[in-house]
Every structure is written in structure tokens, then in C-alpha cells.
Amino acid sequence: MSIKADHWIEKMAREHGMIEPFESGQVKEGVVSYGLSSYGYDIRVADEFKIFTNVNTTVVDPKKFDDRSFVEFRGEVCTIPPNSFALARTIEYFRIPRDVLTICVGKSTYARCGIIVNVTPFEPEWEGFVTLEISNTTPLPARIYSNEGIAQVLFFQADEICRVSYADKKGKYQKQTGITLPHINRN
């Protein structure tokens with residue numbers, strides 16, 4: 001498996017719709033940068049957020065998630081409270097090829113402010129908007145800027161296609177369109 005360079009990413013985005021919308025260069029003047037980079041793609045955060053709150057004293061349970069655990073916010077700047085957490089989504093929609101796996105890591109601009117972005121890998125043949133997990137690890141409120149860079153996706157192409165893709169498994173987060181909350185499959 002090898003990491004793929006910018007020309008491969010651009011080709012896959014343009015010819016196969018792997019990333020839509022696609023920015024072919026780095027946009028960085030006055031913003032947290034986004035767009036195509038040397039070996040990856042810097043994704044943007046949309047203007048919709050779910051900010052966790054303890055107002056209703058609910059328990060966070062991945063098997064029975066209570067949507068009273070958060071407040072919804074839409075806007076250009078989201079303030080995450082100290083030692084808190086928010087869910088968001090990308091502006092970009094992804095269609096991952098069957099022979100590709102991605103890893104997503106937070107951008108250093110946010111990491112240096114104590115903001116950690118966690119995104120699970122995009123499996124082969126997964127598609128959708130990415131749900132982002134954003135943690136404010138500081139004792140201070142933290143700002144997240146909508147429509148700007150939040151994390152970088154690295155693309156790894158295998159020598160051969162996988163036996164079972166995310167689409168084959170009928171993955172529960174396939175083709176998600178908004179911020180998707182945790183859930184488990186029930187028989």
C-alpha cells in the first residue's frame with residue numbers, strides 16, 4: 001500500500017468524483033488552509049454543529065444515543081465550550097475507490113490551540129459527507145471557523161482491491177448526508 005500524491009488525487013477527484021467540491025490548490029490567504037496538498041487533501045468544516053452539553057444531565061451511550069446530549073448551532077464561527085466536544089460535517093462529499101483507504105488527521109493550526117479532530121478511516125467504497133469529531137481540550141472556549149480547513153485526508157492505495165468493501169458490508173454510515181449520530185445495527 002502506498003500513499004498517493006497530489007496528481008493522483010486530482011485525477012480521481014475530477015474523473016471519478018472522489019471529492020466534491022474539489023479545490024485543486026491550497027487556499028490559505030486569511031483562512032485555515034484547505035484544498036489539495038502534496039500527499040493529501042485538506043477538508044473544510046461546514047457551518048452546522050452539534051455541541052455537547054450537560055444541561056439535560058443525559059449519559060452518552062453509543063448503543064442508545066440521546067440527542068438531548070447536544071445543542072444544534074449553525075453559523076460562521078462555532079465556539080466550543082472548555083473541555084467540551086462537538087460534531088460537525090465536511091463541506092466535501094467523498095466517494096472512496098475500492099482499492100483505497102484513507103486516514104484523516106487534524107490540522108496543526110487547530111492542534112496547536114488544543115483542538116483535536118478525530119475522524120475514523122474512510123474504508124474502501126465508503127461514500128458520504130464526513131462526520132467530524134472535534135474536541136476542545138483546553139480550559140478556555142475555542143473557535144472553529146466554518147468553510148475553512150479542519151483536517152487533512154491522506155490516501156493510501158493498495159496493490160489489489162479488497163475482498164469486502166464498506167459498500168459490500170452495507171455499512172451503517174454509508175452515504176450519510178449530514179452530521180450522523182452514533183448508532184448500532186439491530187437485528
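Of note:
- Taken as a whole, the condition of being closer than 25 Å to I103 by Cα and in contact with a strand residue (DSSP E or B) (Cβ under 9 Å, 6 or more places away or on another chain) applies to S24.
- Residue count, region 66-82 (criterion: β-branched (V, I, T), touching a Ser or Thr at 6+ places or on another chain (Cβ under 9 Å) and modelled with pLDDT of 95 or more): 2
- Answer from T131, T102 - the residue that is touching a Leu at 6+ places or on another chain (Cβ under 8 Å), of a type outside the set (A, V, I, L, M, F, W, C) and buried (at least 20 other Cβ atoms within 10 Å of the Cβ): T102
- With a requirement of 1 or more residues that are small (G, A, S), the strands (runs of 3 or more DSSP E) lying completely within region 60-172 that satisfy it span 85-95, 100-106, 127-136, 142-145, 149-157.
- Single residue of region 44-65 satisfying the filter (surrounded by fewer than 11 Cβ atoms within 10 Å (Cβ to Cβ) and among the charged types (D, E, K, R)) that is modelled with the highest pLDDT: K63
- In region 2-21, residue farthest from the chain's Cα centre (by Cα) [restricted to those that are touching a residue at least 60 places away in the same chain (Cβ under 8 Å) and farther than 13 Å from V100 by Cβ]: G17
- When every residue of region 87-94 is checked against the conditions, none turns out to be surrounded by fewer than 17 Cβ atoms within 10 Å (Cβ to Cβ) and closer than 28 Å to K170 by Cα.
- Remark: R143 falls outside the filter, which requires a residue to be in contact with a strand residue (DSSP E or B) (Cβ under 8 Å, 6 or more places away or on another chain), basic (K, R), within 27 Å of G30 (Cα to Cα) and surrounded by 20 or more Cβ atoms within 10 Å (Cβ to Cβ).
For every residue, the table says whether it meets (1) under 15 Å from Q157 (Cβ atoms); (2) in contact with a Pro (Cβ under 9 Å, 6 or more places away or on another chain); (3) buried (at least 19 other Cβ atoms within 10 Å of the Cβ).
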position: D6; (1), (2), (3): yes, no, no
position: I9; (1), (2), (3): yes, no, yes
position: S24; (1), (2), (3): no, no, no
position: D42; (1), (2), (3): no, no, yes
position: S69; (1), (2), (3): no, no, yes
position: F73; (1), (2), (3): no, no, no
position: N83; (1), (2), (3): no, yes, no
position: N118; (1), (2), (3): no, no, no
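The values are calculated or read from the model by the stated rules, or taken from the named source; none is laboratory data. Since the structure is predicted, the reported quantities are computational estimates derived from the model, not experimental observations. Here the Cβ is made from the backbone with ideal geometry for all residues, glycine too, and neighbour counts use every protein chain on show.
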